[in-house]
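Structure first, then comments.
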Amino acid sequence: MATLIRTLADHSDDINCCAFSSSHLATCSLDKTVRVYSVPDFTELPYSPLRGHTYAVHCCCFSPSGRVLASCSTDGTTALWAARDGRRLAVLQQPGASAVRVCRFSPQAAFLLAGAADGSLALWDLGSFKLCKSGHVKGGSLVACAFSPSGNFFVTGSSSGDLTIWDDKMRCLYNEKAHDLGVACCDISSRPISDSENGFKYFQMASCGQDNQIKLWLILFADFLGVQLKYKCTLNGHSAPVLACAFSCDGQMIVSGSVDKCVIVYETSTGNTLHTLSQHTRYVTTCAFAPHSPLLATGSMDKTVHIWQFDLKQPCAGDTVKNEAKVAVEDWSEDDVSAWLCAQDLADFVGLFKMNNIDGKELLNLTKESLANELKIESLGQRSKVLQKIEELRMTMISVSVPVPDEFLCPITRELMKDPVIAADGYSYEREAMENWISNRRSSPMTNLPLHSLMLTPNRTLKMAISRWLDTPQK
């Protein structure tokens, strides 16, 4: 379940972008300002709003550490701000002084990428604030960009509909016509997908555009193979152009926002719709998941930003599905089966399954013999792969999910704790999550009050209780 927990209505014009760090939320607008809020209570920080751009601010993003905030504008500049106190650290002038539409930090925060309306692309060295490399796309504005988690390549999207893959030396490696009427946004999941057969790791990318579609792609980057971009599947659900898309930090969910005023949250592995949120009254222009908490921010031309909280104890992306889900699979349409095939890297069989009218019920009843004799899949290896995926689906459908006791879940990540520690506020947290938390602030994640000490004490009693619970057969 997704619950609307807060609405921010401080901007005086359309919201263009919102971005999370582990401790802050930034929003930017046509009103020329950037506003910064504290997470988790969403109070506006004393130095907010940030003023300095002379025209509309199109995009904002945090560095991986959360210490630096970037914003870019129609005024042809990208500004860098200190997230701690709002000081402006630098103003980077785009080559050609064209309106800057999008900006992103590299994963190691060594560079900042900025794309502009004239198709120019600037890679800035953040150590010196000097222009490091520049590039250009033809026939359209640069409106989207995303770095791979490794930082050795990035992708740009243009208003002409192209997705272009670049290496870190600004060399164009690959170009694909992805959305006929123009790309609006793209994002790359931080979690790679392993190919057990070949030993490769693929990066999963989502793109959306004016054609009302969200497309999922797999990117393989290898020195000896170059770059491969493989279409995976299309997520349908919006009835108008899709302006924004983003992966959750674990890669298990994708969110999108559209001209149809709706926000849709999908499960990445199946393409199934988890939530449809329709509280905005005008176009949804931006959406962003928080990195370490079950929060989602969505912004709109209605001048508001909605903050949503997910109940991760409900069946959600990556969870074991309850028995009732078996009925849902049996009720899958042929399109649902096609989406499942794409999510299982079996997209080559979509046409064959559609031709044979395979719906959810038929899918669960497929056997080795029917794959060979009725669907005419000649390759034994391919039949085995399909059958293995179907068997995994059957096993998932018949398993019973037992809710994790709430006291075993880290309050920050809402995941089962492996190394619980007690903080000075008396609450227990996953060690890594709490260490990340206190590296940026000295307040309690639960109370937001100052921590009198940063000492973390192992909670061995809780760890033993979790271990006993895991070892006990769940009914």
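The values are calculated or read from the model by the stated rules, or taken from the named source; none is laboratory data. In this text, all values refer to a predicted model and were calculated from it rather than measured experimentally. Don't worry about glycine lacking a Cβ; one is built from the backbone with ideal geometry, like all the others, and counts go over all protein chains shown. Accessible surface areas use protein heavy atoms only, side chains included; no ligands, DNA or RNA. Shrake-Rupley method; radii C 1.70, N 1.55, O 1.52, S 1.80 Å.
I'm trying to understand the selection: among the residues of segment 131-165, which are in a strand (DSSP E or B) and closer than 16 Å to His179 by Cα? Before you say what the answer is, go through the steps one by one.
Of segment 131-165, the ones in a strand (DSSP E or B) are 131-136, 142-147, 153-158, 162-165.
Within segment 131-165, Leu142, Val143, Ala144, Cys145, Val155, Thr156, Gly157, Ser158, Asp162, Leu163, Thr164, Ile165 meet the criteria.
When the residues of segment 419-466 are filtered to those that are closer than 19 Å to Pro291 by Cβ and in contact with a helix residue (DSSP H, G or I) (Cβ under 8 Å, 6 or more places away or on another chain), the one that is modelled with the highest pLDDT is Tyr429.
Taken together, the residues in segment 247-299 that are of a type in the set (Gly, Ala, Ser), open to solvent by less than 10 Å² (accessible area, probe 1.4 Å) and assigned to a strand (DSSP E or B) amount to 5.
When segment 173-213 is examined, which residues are found to be among the small types (Gly, Ala, Ser) and modelled with pLDDT of 90 or more? Outline the logic, then answer.
Initially, segment 173-213 is screened for residues among the small types (Gly, Ala, Ser), giving 178, 182, 184, 189-190, 194, 196, 199, 206-207, 209.
Matches in segment 173-213: Ala178, Gly182, Ala184, Ser189, Ala206, Ser207, Gly209.
Consider segment 15-30. How many of its residues are closer than 20 Å to Gly76 by Cβ and open to solvent by 10 Å² or more (accessible area, probe 1.4 Å)?
Summing the residues that are closer than 20 Å to Gly76 by Cβ and open to solvent by 10 Å² or more (accessible area, probe 1.4 Å) in segment 15-30 gives 3.
Return yes when Gly115 is surrounded by 17 or more Cβ atoms within 10 Å (Cβ to Cβ), on the phi > 0 side of the Ramachandran plot, in the same structural domain as Thr286 (by the TED database) and of a type outside the set (A, V, I, L, M, F, W, C) and no when it is not.
Details: surrounded by 17 or more Cβ atoms within 10 Å (Cβ to Cβ): yes; on the phi > 0 side of the Ramachandran plot: no; in the same structural domain as Thr286 (by the TED database): yes; of a type outside the set (A, V, I, L, M, F, W, C): yes.
Here the answer is no, as Gly115 does not meet what is asked.
I'd like to check something: does segment 48-59 contain any residue that is touching a His at 6+ places or on another chain (Cβ under 7 Å) and within 25 Å of Ala144 (Cβ to Cβ)? Scanning segment 48-59 turns up no residue that is touching a His at 6+ places or on another chain (Cβ under 7 Å) and within 25 Å of Ala144 (Cβ to Cβ).
Looking at Arg104, Arg51, which one is over 22 Å from the mean Cα position of the chain (by Cα), touching a residue at least 12 places away in the same chain (Cβ under 8 Å) and open to solvent by 30 Å² or more (accessible area, probe 1.4 Å)?
Working: Arg104 fails: over 22 Å from the mean Cα position of the chain (by Cα).
On inspection, the qualifying residue turns out to be Arg51.
Here Phe310 clears all of (1) modelled with pLDDT under 95; (2) surrounded by fewer than 20 Cβ atoms within 10 Å (Cβ to Cβ) except the condition numbered (2).
The residue pairs whose first member lies in segment 333-361 and is on the phi < 0 side of the Ramachandran plot, whose second member is polar (S, T, N, Q) and not in a loop (DSSP other than H, G, I, E, B), and whose beta carbons are closer than 7 Å, counting only pairs six or more residues apart or on different chains, are Val350/Ser338; Phe353/Ser338; Lys354/Ser338. Counting only residues that are within 22 Å of Leu30 (Cα to Cα) and either in the same structural domain as Cys410 (by the TED database) or under 13 Å from the mean Cα position of the chain (by Cα) (or both), segment 266-288 holds 3 of them. Residue check: is Arg35 in a loop (DSSP other than H, G, I, E, B), open to solvent by 10 Å² or more (accessible area, probe 1.4 Å) and among the charged types (D, E, K, R)? No, not satisfied.
So that you can scan it fast, the table gives a plain yes or no per residue for (1) basic (Lys, Arg); (2) open to solvent by less than 60 Å² (accessible area, probe 1.4 Å); (3) at pLDDT below 75; (4) within 23 Å of Lys215 (Cα to Cα):
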position	(1), (2), (3), (4)
Ala325	no, yes, yes, no
Ala339	no, yes, yes, yes
Asp348	no, no, no, yes
Glu391	no, no, no, no
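The set of residues in segment 355-379 being surrounded by fewer than 11 Cβ atoms within 10 Å (Cβ to Cβ) and in a helix (DSSP H, G or I) consists of Met355, Glu369, Asn373.
Of these, Ser150, Ser134, which one is in contact (Cβ under 8 Å) with a residue 12 or more places away in the chain, within 25 Å of the chain's Cα centre (by Cα) and surrounded by fewer than 17 Cβ atoms within 10 Å (Cβ to Cβ)?
Numbers: Ser134 fails: within 25 Å of the chain's Cα centre (by Cα).
Criteria check complete, one pass: Ser150.
Considering segment 31-52, the residues that are acidic (Asp, Glu) and at pLDDT 95 or above include one that is nearest to Ser73 (Cα to Cα), namely Asp31.
In segment 113-130, the residue that is farthest from Ala246 (Cα to Cα) out of those that are over 22 Å from the mean Cα position of the chain (by Cα) and assigned to a strand (DSSP E or B) is Lys130.
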